[in-house]
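Undergrad: Once you've had a glance at the structure underneath, I'll fire off some questions.
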Amino acid sequence: MDEAEMGHMAVYENFCLGRPEFEQFPYDYLFKDRLKRLRKLVSDKEDRSETDLAALLHDRLIFPKAMEDTKGRPMWQGSAPQKQLQKDIEDGLLEGESRLKPRELFELKETCNSQCDLDFFRNRTCQGVKAKKRQVWVEHKAAKRAEKLKKCK
């Protein structure tokens, strides 16, 4: 039997009974109506997501996703050069003693030099390296904060 078709008592017994989060809410005369309202809310949201998807698909037919930016270059987001650069940054080609300069990486990778110019690629390279450093810093800061909270408890 589907959960949406289960009776209110079966829902309570299968999903609420014996769980600590529902100890404050024993089965009473209000449970049936609350479950009914909750099911209606969920149903309405499901209908809304289908409507939103249909509207998006309709709008994409009228106004398709841009393939070029305002300067006539291919879009960077989701492109092969972007994915290649992200992989190269993760592999550490742009840091350490044997790091490559953005120009060297640009000349080395055919996907990059065939789809964008050197200045654009250099800027994206710097952005990617800064983003990776920031991510490391944020993770370090979060670890320090968690350690500090452990000591306080």
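Computed from the coordinates by the stated procedures, all read-outs in this text should not be read as laboratory data. What you see is a predicted model; the values in this text were computed from it and never measured. As a convention, Cβ positions derive from the backbone with ideal geometry for all residues, glycine included, and neighbour counts pool all protein chains shown.
Undergrad: Sum up the lysine pairs in segment 80-152 that clear both bars: alpha-carbon distance under 19 Å and a spacing of 8 or more or different chains.
TA: 21
Undergrad: Something else now. Expressed in nm to one decimal, what extension gain is obtained for the pair A80 and V129 from 0.36 nm per residue of sequence separation less their Cα-Cα distance?
TA: Computed gain between A80 and V129 is 15.9 nm.
Undergrad: Taking the Cβ-Cβ separation of D119 and K87 as r and a Förster radius of 25 Å, what is the calculated FRET efficiency to the nearest 0.05?
TA: Efficiency, rounded to the nearest 0.05: 0.70.
Undergrad: Segment 86-133: which GluC sites (Glu not before Pro) are DSSP loop and have at most 16 other beta-carbon atoms within 10 angstrom?
TA: Here the GluC sites (Glu not before Pro) that fit, given the DSSP loop and packing criteria, are E95, E97.
Undergrad: Same structure again: Okay, helix-only estimate at 222 nm for the chain: each DSSP H run of n ≥ 4 adds -39500 (n - 2.57), divide by all residues, round to 500 deg cm²/dmol; what do you get?
TA: -20500 deg cm²/dmol
Undergrad: Further question: Considering Cα pairs under 8 angstrom that are at least six residues apart, work out the relative contact order of segment 80-152 and quote it in whole percent.
TA: Relative contact order for segment 80-152 comes out at 30 percent.
Undergrad: Could you work out Rg/(2.2 N^0.38 Å) for the chain, with Rg from alpha carbons only?
TA: 1.80
Undergrad: Given the options S43, T70, M6, identify the residue whose Cα lies farthest towards the positive end of the charge dipole of the chain (+1 on Cβ of Lys, Arg; -1 on Cβ of Asp, Glu).
TA: Going by the charge dipole, the pick is T70.
Undergrad: Could you give the size of the charge dipole of the chain about its Cα centre, using +1 on the Cβ of each K and R and -1 on the Cβ of each D and E, expressed in debye and rounded to the nearest 20?
TA: In total the dipole reaches around 1040 debye.
Undergrad: Also, quick follow-up: Across segment 97-104, in residue order, what do the Karplus-derived ³J(HN,Hα) couplings come to in whole Hz, using 6.51 cos²θ - 1.76 cosθ + 1.60 with θ = phi - 60° and x for Gly and Pro?
TA: Working through the residues one at a time gives 5, 9, 5, 9, 7, x, 4, 5 Hz.
Undergrad: Rounded to the nearest 20 Debye, what is the dipole magnitude of segment 82-149 about its Cα centre when Lys and Arg each give +1 and Asp and Glu each give -1 at the C-beta?
TA: 520 debye
Undergrad: Could you pull out every whole DSSP H run in the chain that spans at least 18 Å of Cα extent along its own axis and averages -1.0 or higher on the Kyte-Doolittle scale?
TA: 31-62
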